[in-house]
Every structure is written in structure tokens, then in C-alpha cells.
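Only one structure is covered here, and it is reproduced in the block below.
Just so it is clear, none of the values below were taken in a lab; they were calculated from the coordinates. All values derive from a computational prediction rather than experimental measurement. Ideal geometry is used to build each Cβ from the backbone, glycine not excepted, and the neighbour counts take in all protein chains shown.
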Amino acid sequence: MKSRALRVPRSEGERARQRLRDARALRGDLKILEEGEWIFLPLTDEASVAPEEGTLLERDFALAADRGPQDYRDLLTTWSVEDREALPRSYDVIGEIVLLRLPTSLAPRGREVGEALLRFVPGARLVGADFGVHGPERRREVLRLAGSGPWRTRHRENGLEFEVDLERAYFSPRLAREHARVAAEVDVGNRVYDLCCGVGPFALTIAHVAQPARVVAVDSNPWAIELLRLTAARYAFGGRVEPLKVEVERFLDGAERVDRVILNLPHEGIKYLPSVGNAVSTGGRLFFYEVTDRAEEGSRPASLVERLGGSAAWRLRERHVVHPYSPAADLVAYTFERSSG
């Protein structure tokens, strides 16, 4: 049966499905279609989807013989409605691993939640509770809820497969579009710094999509650098990436200026901003990520420009919300361009 559809990368399929379901924009009478790197989600006639959500088109879909549960919480049949509603609707899928933020009040029932997600998410082998990223090496605190095997997995996005270890090195599947967006803004022959690179999704996507002269990927976490090296070794373009295990402040001390710099350190990046700005060539761009309070969103760009060196030397090219971070703040992507200095 033909239907309007939203095409999204496989790495964003589950997140897009959840968004459409919550907006009552996903047809439940048709089976979701998977083809290679793409997921096709059938849309209701009245569904309104923003262009940045994916590609709108028309496709043939098979009828869904049995819709089954539309939400993992529907599998918790012995729970009260109030307890089910207290659970998060969204979760992250990284390779074969599912992560979610579990409310403290429901932590004693975490195994039941994990078992429900194992049954609900296709291909899942391990479910964990995510307690956030901590420490100078940005390691995620995770607690096994259900399933088996290590926290090590391979995650596919933007046509690449990354080595990931969720206990030992930072990685977020929520940034897949940002990895692709930034890579598209790198020109042939550019020199790039990827600071606090984690397992290297920005650096490796840039090496894959663009033809940079060199991408230096910097992180102080030895596990992150090792995982990056393992991924890079599988690809011919991996030689364009130079992984370095070093603290960002030490690296920036005397670093030559380059055409593009990425700093994805949402809570602490502000303290490095002046030094990072000094590493950007005239005409070059800085891609900066920060958790910004919504009350400050209007004034924050000017404040960041001043921190970089003032409006005479810098201008804001673009900013957008990547995703909500808390009830009062968002993860925001800022793109600055150095005009002089």
C-alpha cells in the first residue's frame, strides 16, 4: 500500500519512530520499511514533519498483520498507569545496547524495565541505566538492567561503523546529524582539529565525507583514542585522521592555526574558548557545543563572541538547538567564523 513516508538514516530510526509516535504522525497499520542504511516510516495523512527531520517521499508498505505494543511501557502490564507514565518515553540505541535515564523512584524495578526493552527493541542484547558522563575522561556511568555481554559494541551512522565502549569512552548517538552537518562544511584541503573527540565520530565522518588535508583528533582518554584508531584502521580514509592522547589545554598551547575546529564539551568547553579561538585561522570556523539555559539563549551568542575576542574578530554564522537537555536548557550548536586577527 502506498503512503507518505519519512526517510531517515538507520542510526536515527528508533528516535524518529518515537517522535512520530508521540506526535500521532506514525501509521500503525503499515510495517516500517528498512533498506540498507535507510529506514522508511509511514506517515498519517495529517502528519506535519519539519524538513530537517528527514526526506519526505512516497513508498509502498506492507500491511502490519499484528501491530503489537507501540511502546515498551505497554509490556509492563502489572505496573500502575502512574508508574508507567513516570518512565521516560525515549531512550538511546547504540549498536546492540539500549540506554535510558531511569527515575530514582523506579530504580528498584529496573530489571523489569530492562527486560521490557530487550523484548521491545529489535536486536537489543543489553539494556542499561545511564547516570551521565563524569570526570576529565568523560566516562559514562552505566548500570546493567538486563541482558548480557560487554558494554563494547559497534554503532552504525552516516555510512560508518564506530567502535564504542560505553563504560570507557564518550559517545552520543544523538549527534549523528551534527557529525554529518559539520563534515559537509569542511572544504577540500582543510586542516581540522577535533577537540575532546571521544571515539572520533566528527573526525572520521569528516575524513569520510570531505577531503581534508588532515584531521587531528585530541582526547585525554586513552580508551577513546584506542577505539578511534581501531575504527580508522578499517577504512582507507582513516589515514587522514591523526589521533592524539593529550589534554586539550596542552595541545592548544602553541598549536598552529587551522581552518576548522570542533569543540564538543557542553559543560566545560567555555573555559577553553579563548585558547580554542586562537587556533582558528582567519576565515576559519569554530563549531562549538554548549548546554545553554533557555533564559539566556538570546544574549548567549554575543557573550560567546566576546569570550572569543570580540565582534571585530568574530561573527556568529549559525546556531540551532540540537536537542533539549533539561526542562530549562538545551544542547545548542554554535558556528562562529573568524573574520580577522
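Centre-to-centre separation between the Cα atoms of region 1-54 and those of region 269-341: 33 Å. In a DSSP loop and with at most 14 other Cβ atoms within 10 Å, the trypsin sites (Lys or Arg not before Pro) in region 223-256 are R234.
Applying 1/(1 + (r/R0)^6) with r as the Cβ-Cβ distance of E34 and K245 and R0 = 45 angstrom yields a FRET efficiency of 0.75. P(r) tail for region 223-341: Cα pairs beyond 22 Å make up 42% of the total. Across region 307-317, coupling constants 3J(HN,Hα) worked out from phi with the 6.51/-1.76/1.60 Karplus curve, θ = phi - 60°, read 5, 6, x, x, 5, 6, 10, 9, 9, 7, 7 Hz, and Gly and Pro carry x.
Sum up the charges of everything whose Cβ sits under 9 Å from the Cβ of T282, counting Lys and Arg as +1 and Asp and Glu as -1, but leave T282 out. That works out to +2. Residues in region 199-223, backbone N under 19 Å from the label point at T55 (7 Å along the Cα-to-beta-carbon vector): list them, ranges by number please. Only 209-210 pass the distance filter. Positive end of the dipole of region 171-338 (Cβ unit charges, origin at the Cα centre): among T292, A302, T205, the Cα lying farthest that way belongs to T205.
Among (i) 63, 58, 39; (ii) 60, 50, 36; (iii) 63, 45, 43, find the value of Cα extents along the principal axes in Å that was calculated from the structure presented, and write down its label. Of the labelled values, this structure produces (iii). Counting other Cβ atoms within 10 Å, keep those with at most 14, restrict to DSSP loop, and tell me which trypsin sites (Lys or Arg not before Pro) in region 52-85 are left. When the trypsin sites (Lys or Arg not before Pro) of region 52-85 are filtered for loop state and at most 14 Cβ neighbours within 10 Å, R67 remain. Structural descriptor for the chain: relative contact order 10 percent, calculated from alpha carbon pairs under 8 angstrom and at least 6 residues apart. Placing +1 on the Cβ of every Lys and Arg and -1 on the Cβ of every Asp and Glu, with no other charges, gives region 186-341 a dipole of roughly 400 debye about its Cα centre.
In the chain, excluding the sites themselves, the longest stretch lacking any of the GluC sites (Glu not before Pro) that are in a DSSP loop with at most 10 other Cβ atoms within 10 Å is 47-255. Computed about its Cα centre, the charge dipole of the chain is approximately 320 debye, with only Lys, Arg, Asp and Glu carrying charge at their Cβ.
Angle of helix 222-233 to the longest C-alpha principal axis of the chain, folded into 0 to 90 degrees and rounded to 10: 80°.
Look at where the Cα atoms of region 66-128 and of region 160-217 average out, and the two centres are 30 Å apart. Label zone of A295 (point 7 Å out along Cα→Cβ, amide N under 12 Å): in region 301-341 this covers 328-329.
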